[in-house]
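Each remark here refers to the structure printed beneath this line.
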Amino acid sequence: MKYEVVVIGGGQAGLAAGYYLRRAGLDFVILDDQTNAGGSWQDYWPSLHLFSPAEYSRLPGWPMPSWHSGFPPASHVVDYLQVYEKKYDLPVRRPVAVQSVHRVDGGYRIDTDGESYGAAAVVNATGTWSRPFWPSYPGMREFGGTQLHAADYRTPDQFVGKRVGIVGGGNSAAQILAEISTVAETLWFTNREPRFLPDDVDGRVLFDVASDRARALASGDADTGGVAGLGDIVMVPPVREARERGVLHARPMFTALTSDGVTDGHTTETLDAIVWCTGFRPALHHLRPLHLHADGSGIMLDGNHVRDEPNLLFLGYGDWTGPASATLIGVGRTARAAVDTLARRGKVDQP
Ligand code: FAD
């Protein structure tokens, strides 16, 4: 099957691309390896709530319906994305797992666990959730307790009455610590002192900061990133409540695990479990056959496309692919820019 554009990934980024591809009149399909719509929002821990109100969490076109009180839960986003893709009649095929992408005359061949697809252009919108990052520490294999990554965390039930180490200085760590600390003793380990945003700063302010940054970049001004990075901890109600309980204190990272805990070489703490909230990496293994140019920080991009590869676009992986592009409200801006780039070159020829 041949298309002008194949979008890989049917989460929020893939749908935002679909919205603009449809408006541009391009012939496209979205391939997603999940059984249902909703991307990674389907797999987040059930207590996770957005850090912005619904009206600040919308994809292009149709706004997210408001939530009755406070910030919406992840399940509300799943419902929204399900309706969104039906509303715009986006051509999503699932479950279809893309295994590899190869250059062919005039474009790309996309091999999946079923059929192969041909496309003049490929938009990668595979997110990061399927690639949890585990750092490497001496003794990890010897530790006798439970170790899990934030990607596998669901509820605090398994930690009742235990002593649990939480590793990581971002929002996932703060939110998971806030929840587990209601049933267990928690010790929080971070590489650097966590940066808490002021209580009145939520996703709205962060998006405004990202917008300023996008404008500055577009007008050629110096990068103003880092004023209030999206990695800083948003004081959502459960995290504020954990602070009131006095459990939101980070200690320096340990240097090794032991059979029953962790050590920094001087002191040892016994632990029953460790939750690694250590982030994610872009899910790009299917692009390996292309041998893309990379430097120390990843594949090199010019705007949204891979350097020297104008018809291979990346969307939604974070500031790397556009300010706030990993957020619901931010991804629309980069999706529009990416599709404009394709559409400006005229009708994209099929291979
Ligand atoms: P995903 O949602 O991961 O979608 C990618 C899709 O591609 C998935 O369905 C995946 O299975 C599929 N896929 C992957 N590889 C392949 C392949 N080879 N073939 C086919 N399909 C494939 N954002 C906000 O806007 N507001 C918030 O309040 C907010 N809070 C957050 C809190 C936490 C703790 C976390 C972790 C994230 C939060 N985010 C928030 C960010 C946001 O949830 C993610 O950045 C977003 O879901 C990424 O969307 P995506 O479409 O890029 O990726």
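One residue alone among Ala173, Ala121, Ala178 is closer than 30 Å to Leu301 by Cα and part of a helix (DSSP H, G or I), and that residue is Ala173.
The residue pairs whose first member lies in segment 4-17 and is closer than 15 Å to Ala121 by Cβ, whose second member is among the hydroxyl-bearing types (Ser, Thr, Tyr) and modelled with pLDDT of 95 or more, and whose beta carbons are closer than 9 Å, counting only pairs six or more residues apart or on different chains, are Val6/Tyr108; Val6/Tyr117; Ile8/Thr126; Gly9/Thr126; Gly14/Thr126.
When each of Val123, Val164 is tested for being β-branched (Val, Ile, Thr), surrounded by 12 or more Cβ atoms within 10 Å (Cβ to Cβ) and assigned by TED's automatic domain parsing to the domain that holds Gly39, the lone residue that passes is Val123. Thr155 - would you say it is modelled with pLDDT of 95 or more, crowded, with 19+ Cβ neighbours inside 10 Å and within 16 Å of the ligand (Cβ to nearest atom)? When the stated conditions are applied, Thr155 does not pass them.
Would segment 242-251 turn up any residue that is within 16 Å of the ligand (Cβ to nearest atom) and modelled with pLDDT of 95 or more? Yes, because at least one residue in segment 242-251 is within 16 Å of the ligand (Cβ to nearest atom) and modelled with pLDDT of 95 or more.
In segment 259-278, the condition of being within 16 Å of the ligand (Cβ to nearest atom) and surrounded by fewer than 18 Cβ atoms within 10 Å (Cβ to Cβ) is met by no residue. Contact map, segment 28-41: first residue in the same structural domain as Val339 (by TED's automatic domain parsing) and acidic (Asp, Glu), second residue in a loop (DSSP other than H, G, I, E, B) and more than 6 Å from the ligand (Cβ to nearest atom), Cβ cut-off under 6 Å, separation 6 or more or different chains; pairs are Asp32/Arg94; Asp33/Pro95.
The values are calculated or read from the model by the stated rules, or taken from the named source; none is laboratory data. Here the structure is a predicted model, which means the values were calculated and not measured. A quick note on method: Cβ atoms are made from the backbone with ideal geometry, for glycine too, and the neighbour counts reach across all protein chains shown.
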